[in-house]
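Below you'll find the structure, written out as structure tokens, and then a few comments.
No lab work stands behind these numbers, since they all come straight from the coordinates. Since we're looking at a predicted model, the values are computed, not measured. Note that we place each Cβ from the backbone using ideal geometry, even for glycine, and neighbour counts take in every protein chain shown.
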Amino acid sequence: MDFEELSFTDVPLIKVTPPGPRSKEYLDYQSSHESSLVNYPKGIPMALRRAKGATVEDVDGNIYIDFFGGAGVMAVGHSNPEVIKAIEKQLVDLTHALDFPSPSRRMLVEALLRVLPKSLSRVFFGGPTGSDAVESAMKLAKYNTGRYPMIAFQGSFHGMTAGALSLCSGLYFKEDFLPLLPEVHFVPYGYCYRCALGKKPETCDLDCARYLDYILEDPHSGVGKPAAVIVESIQGEGGSIVPPEQFIPKIREICDKHEVLLIDDEIQAGFCRTGKMFACDHTGTIPDIMTMSKPLGGVGLPISAIAYKEELNTLPRGKHIGTFRSNVLACAAGAAALDFMLKNKLAEHALKVGELMLSMLKELEKDSKIVGEARGKGLMLGVEFVKDKTTKEPAPELATKVRTLCHRRGLLIEIGGHYSNVARFLPPLVITEELARKGIEIFADSVGDLERSL
Ligand SMILES: Cc1ncc(COP(=O)(O)O)c(C=O)c1O
């Protein structure tokens, strides 16, 4: 398929500096009547009208290149026509079925089993968001091991429900709601740009991963034997962090040695995003349990799932139930989306376009005094802003300013990272090379203008 026809043409198109008058009206209404918790429009002030492929139109008629992709949901692109067709067909047949079997549910399970590692042979649909999948994975691990503690990584993000939130390392999300689950411990991730152990990649023997071995070994580590270790094979919200190649296999090896289950959270990195169907496929590492969501609903219909090994299939009937599990519309959408991904070799496309974008960003890293590191894999990219490249002092305010400059020029990006200083790119995977290049040029111009104004 020619991906070009999936997006609006002649983009970006800025008719009025955003937020335009109509967007402002929507934003004012929202802030007067909705909760103070509303988040994304505070960073990117706009109201959305429609979206196509890797492009988004606001209510003022501005059209943007979308490097945000609905926080990584839009793998097959906004309003993907094949997915929409599947939803329309399902819409007239059946829209709610609890966990009763149905043709679309069966199609999605079959589609998942085709792409998952063979040993992850059981699928469970949790509630509609990624957090629910994390809750299910944790319960499954605890039930099967009879153990309570959990180990997660610094820089992790696993969701906002109480259990999932306990596994997040970001204090901002947690500090006002303590206590959460006890016995959750955090260990360093393979974040070489800011190594927790002060090592350099050239002289380090995966010491961060070995630290996990050390705390599981040492009776005085203060950490009880956990039910599971939960990891993102490539970290998302932590700042698009790709760990050293042997990091995830080493974590697998350590989990096996200590008979601890390994949960791989693929909610953001999964479904072709990083250039493979799942991020763990880059190293051939197979977890015991995998969590999935975001692109699983095709064009943003909410659904989440876990896949796990046969021997863990012990939870008795109805011990973890809910009303909205595997919504049938989302199942139809998900099956069509998986079909689209395979038919159109979306993983290969993501890898190729991602390489082009990263090479342009690496040039920017070389030239710029405020870009500490450009990194990522496939179409999960990040640019870390610093005040000084030697001290690496984080510069969250620069990341925020760049996001605003990009928005005004017709490019949508998000911010994440340990210090909220990483510009994050998660474009729909159907983005063309031309749009990807244009987007990076807008980003680079914005960084350049900001740098000159400092
Ligand atoms: C890796 C990862 N896990 C879990 C979640 C939580 O998913 P949700 O926001 O749908 O609850 C996210 C969301 O960004 C995520 O990136």
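Give me the extension gain from D367 to D93: residue separation times 0.36 nm, minus the current Cα-Cα distance, reported in nm with one decimal.
Values: separation 274, 0.36 × 274 = 98.64 nm, distance 5.65 nm.
Gain on stretching D367 to D93: 93.0 nm.
Taking a cut-off of 23 Å, what percent of all Cα-Cα pairs in segment 99-240 are separated by more than that? Of all Cα-Cα distances in segment 99-240, 46 percent exceed 23 Å. Extension gain for K42-I84 works out to 12.1 nm (0.36 nm per residue, less the C-alpha to C-alpha distance). Shape class of segment 241-335 from the Cα gyration tensor (axes a ≥ b ≥ c, square roots of the eigenvalues): oblate, since a/c reaches 1.5 or more and a/b does not exceed b/c. Most simply put, the chain has about 70% antiparallel DSSP beta bridges, counting only bridges with both residues inside it. Only DSSP H runs of four or more residues enter the estimate; each adds -39500 (n - 2.57), and after division by the residues of the chain the mean residue ellipticity at 222 nm equals -11500 deg cm²/dmol. Under the simplified labelling scheme, the E253-F324 pair shows an inter-label distance of 4.4 nm, with each label point 7 Å from Cα along Cα→Cβ.
Write down the Å³ per residue value for the convex hull defined by the alpha carbon atoms of segment 176-262.
Working: hull volume 10.7 nm³, N = 87.
Per-residue hull volume (Cα only) is 123 Å³.
Note on segment 27-49 and segment 149-216: Cα centroid distance 32 Å, given to the nearest whole angstrom.
DSSP beta bridges fully contained in segment 170-322 are about 40 percent antiparallel. Dividing the alpha-carbon radius of gyration of segment 61-103 by the rule-of-thumb value 2.2 N^0.38 Å gives 1.60.
Averaging over all projection directions, the Cα-based convex hull of the chain occupies 21.6 nm² in the image plane. Roughly how many whole Å is it from the C-alpha centroid of segment 229-271 to that of segment 81-117? Between the Cα centre of segment 229-271 and that of segment 81-117, the gap is 29 Å.
With N the number of residues in segment 393-453, Rg(Cα) / (2.2 N^0.38 Å) evaluates to 1.12.
Ignoring GluC sites (Glu not before Pro) that are buried or in helix or strand per DSSP, and keeping those with at most 16 other beta carbon atoms within 10 Å, what is the longest stretch of the chain between them? Spell out each step's value before the answer.
Details: sites that count: E34, E175, E183, E245, E259.
Longest site-free region, per DSSP loop and neighbour criteria: 260-454.
As a length-normalised measure over Cα pairs under 8 Å and 6 or more apart, the relative contact order of the chain settles at 22 percent.
How do I289, I84 rank when sorted from fewest to most other Cβ atoms within 10 Å of their own Cβ?
Working: I289 27, I84 14.
Going from least to most buried by this count: I84, I289.
Evaluating 6.51 cos²θ - 1.76 cosθ + 1.60 at θ = phi - 60° for every residue in segment 386-400, the Karplus couplings come out as 9, 7, 8, 6, 7, 7, 6, 4, x, 10, x, 5, 6, 4, 5 Hz, glycine and proline recorded as x.
Return the subset of K42/K89; K15/K366; K225/K362; K257/K392; K89/K343; K250/K294 for which the Cα-Cα distance in this structure is over 31 Å, preserving the input order.
Working: K42/K89 37 Å; K15/K366 33 Å; K225/K362 42 Å; K257/K392 36 Å; K89/K343 20 Å; K250/K294 27 Å.
The pairs that break the limit, which is 31 Å between Cα atoms, are K42/K89; K15/K366; K225/K362; K257/K392.
Multiplying the residue separation of R317 and K352 by 0.36 nm and removing their Cα-Cα distance gives an extension gain of 8.1 nm. Annotation for S221 and C195: the two label points, set 7 Å from Cα along the Cα-Cβ direction, are 2.0 nm apart. Within straight-line reach of K309, meaning a Cα separation under 16 Å, sit the following lysines at least 8 residues removed in sequence or on another chain: K118, K139, K142.
DSSP loop trypsin sites (Lys or Arg not before Pro) in segment 54-143 with at most 16 other Cβ atoms within 10 Å of their Cβ, which ones? Hits after loop and neighbour filter: K118.
Listed by chain and number, the aspartates and glutamates whose C-alpha is less than 18 Å from the C-alpha of K387, apart from same-chain residues fewer than 8 away, are E365, D367, E373, E397, D449, E451. Take the Cα radius of gyration of segment 123-175 and divide it by 2.2 N^0.38 Å, N being the number of residues; the result is 1.14.
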